[in-house]
């Protein structure tokens, strides 16, 4: 198996082509749309998923047999048909045109593979077995899902806000690094999980000197602070 290079792609506004119109193609298309891609789907007899996406105007659907011309200007190509010959043609044409190409369930016909994903807001964890066992990748993802709860999304939003403020002060990276590390190592995550806003805000103030209204930042204004921070 190939030793794949892990990376995250910015697909926003880029043309991506999915060949196939069934359930698998629908799943791949939705993931591309979630990343802001412009998606063209080529296939006959579209399933319910592709039909719905087309009716909603979210994709450019072409009710036609595959032709290599449809790959023109594409940044990324996914082959998701149930016809091995068509999938092979998609791979060969995409490779000749220098495209990123993935043929579903055929790692030998891919120059990139799709990992199992766990998302918590801006946190994305990708799990790959190098194409050896997608089922195991999903199982590992499910185990991580139990550990990485929604508190990590809130924590990242807080860290992003504080990072912007601290960097704006113009201090050196050497001065900033201990501040960021102290936040990550503090009790802040646990306090945020329990929505103990007053205590969490005090930790932030002590470690950074910054005042943050956490319910406002996290859009929690309508939710009660379970702990006031008072003894």
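Read-outs: derived from the displayed coordinates by stated rules, not from any lab. Since this is a predicted model, take the numbers as computed values, not measurements. We place every Cβ from the backbone using ideal geometry, glycine too, and count neighbours over all the protein chains shown.
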Among residues of segment 112-122, those that are touching a helix residue (DSSP H, G or I) at 6+ places or on another chain (Cβ under 7 Å) and either loosely packed, with under 14 Cβ neighbours inside 10 Å or farther than 20 Å from residue 23 by Cα (or both), counted: 4
Qualifying position, being exposed (fewer than 12 other Cβ atoms within 10 Å of the Cβ), closer than 22 Å to residue 120 by Cβ and out of contact with any strand residue (DSSP E or B) (no Cβ under 7 Å at 6 or more places or on another chain), among 219, 206, 175: 219
Looking at segment 171-183, is at least one residue within 21 Å of residue 217 (Cα to Cα) and not in a helix (DSSP H, G or I)? no
Would you tally the residues in segment 184-214 being under 18 Å from residue 149 (Cα atoms), touching a helix residue (DSSP H, G or I) at 6+ places or on another chain (Cβ under 8 Å) and in a loop (DSSP other than H, G, I, E, B)? 2
Among the residues of segment 123-139, write down those that are surrounded by fewer than 17 Cβ atoms within 10 Å (Cβ to Cβ) and assigned to a helix (DSSP H, G or I). 135, 136, 138, 139
